[in-house]
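The structure appears below as structure tokens.
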């Protein structure tokens, strides 16, 4: 028996080729694509302007992937909504919908679990299972909009998983997201967060997509960074910072550096001064200071010095802000809900 194809993961061009292969007309692919990505149809039978013959082809050769909500938590403080989604194979991922003055932003997962092993992160504690397909990344948007009744205006790829470790599927997701016949979202409304996979940063620079690249730095030197982030042993800070500099020169897009402040680990004045010295030569960049989310197995505590650290960076000529904490009452940091439900 022929294995059915995940239609939500197909580009319009791939779908056109498939429809021609199965004896239908090319333009039908465009109609189906709009039903999937504009109307968010979850069944071929809901596609009212598609002929019975085409529906028969679709049902025979394709399936529409799906996610199910296992748990939904709503913050009483700021309207943040956190979802635990179950994949068809039983895997679980988290998605967070956040409300800002400029609109709704969604934090998406790109893998089931994570390989990177960052010491303070709940996502990596339960281990890596597999990469998400493009459809499974997209569906976090579609299902969240369906359930919440809110429209997603911007996206951060900062949930469970390392986006650049699932490079091909993430690039296809971005292509589907921005396709003019589909959702047609500008990638300037997308931020991609990486722990620093240098080779993939260069690959991303070549694509020049217009998105914002956020690099999780968390320390200004190799000794301290390797202690917090094992990936630093593979891609030391000197290589990472050069890649960031080359990325900016290639794309003209400033880089945002994520810096999770950990009490008595990286929140002192000496660390701030070393961070200034490290980033000043880059010219245009931004440091996003994150009050760390404490996890039971982490052994790290939130620093009380965020405002002081931020001021020192700004006084040293580095553009820095402290990230607003959302969903604190529902533990909205990625990885915690999945871990607790395993």
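Bear in mind these aren't lab numbers, they're just calculated from the coordinates by the rules spelled out. Every value quoted in this text rests on a predicted model; they were computed, and no experiment measured them. Neighbour counts run over all protein chains shown; Cβ positions are idealised from the backbone, glycine included.
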Pick from 234, 200, 225 the residue whose mean-square fluctuation is largest in a GNM of the chain, springs joining Cα atoms under 10 Å. 234
Can you compute the modelled spin-label distance between residue 5 and residue 72, with each label point 7 Å from Cα toward Cβ, in nm? 3.3 nm
DSSP bridge pairs, the chain: antiparallel proportion in percent, nearest 5: 40 percent
Peptides 30-40, 103-113, 56-66: what's the order by average Cβ count within 10 Å, highest mean first? 103-113, 30-40, 56-66
Span from the region 102-146 Cα centroid across to the region 26-76 one, whole angstrom: 22 Å
Determine, from the Cβ-Cβ distance of residue 222 and residue 286 and an R0 of 25 Å, the FRET efficiency 1/(1 + (r/R0)^6), rounded to the nearest 0.05. 0.65
Quick check on region 40-91: take the gyration tensor over C-alpha atoms, sort the square-rooted eigenvalues as a ≥ b ≥ c, and tell me if it's rounded (a/c under 1.5), prolate or oblate. oblate
Taking the chain as a Gaussian network, where each spring joins two C-alpha atoms under 10 Å apart, which residue of 214, 148, 175 fluctuates the most? 148
Taking the simple approach of a point 7 Å from Cα along Cα-to-Cβ for both residue 60 and residue 89, what is their distance in nm? 2.8 nm
Separation of the residue 146 and residue 269 label points, Cα + 7 Å toward Cβ, nm: 5.6 nm
For region 5-63, what does the alpha-carbon gyration tensor say about shape, rounded, prolate or oblate, given a ≥ b ≥ c as the root eigenvalues, a/c under 1.5 as rounded, and a/b over b/c as prolate? rounded
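Given the Cα-Cα distance of residue 207 and residue 20 and 0.36 nm per residue of separation, how much length would full extension add, in nm?
Numbers: separation 187, 0.36 × 187 = 67.32 nm, distance 2.95 nm.
Contour length minus the Cα-Cα distance gives 64.4 nm.
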Suppose R0 equals 22 Å. What FRET efficiency, 1/(1 + (r/R0)^6) with r the Cβ-Cβ distance, do residue 153 and residue 179 give to the nearest 0.05? 0.80
What is the angle, in °, between the Cα long axis of helix 237-251 and the longest principal axis of the Cα atoms in the chain? Nearest 10 is fine, range 0 to 90. 50 degrees
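May I ask you to compute the full-extension gain from residue 168 to residue 319, defined as 0.36 nm times their residue separation minus their alpha-carbon distance, rounded to one decimal in nm? Numbers along the way, then the final one.
Numbers: separation 151, 0.36 × 151 = 54.36 nm, distance 3.22 nm.
So the extension gain works out to 51.1 nm.
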The chain: relative contact order in percent, alpha carbon pairs under 8 Å with at least 6 residues between: 16 percent
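In terms of the Cα gyration tensor, with a ≥ b ≥ c the square roots of its eigenvalues, is region 63-142 rounded because a/c is under 1.5, prolate because a/b exceeds b/c, or oblate? Please report the intermediate quantities before stating the final value.
Numbers: a/c = 1.85, a/b = 1.23, b/c = 1.51.
Oblate.
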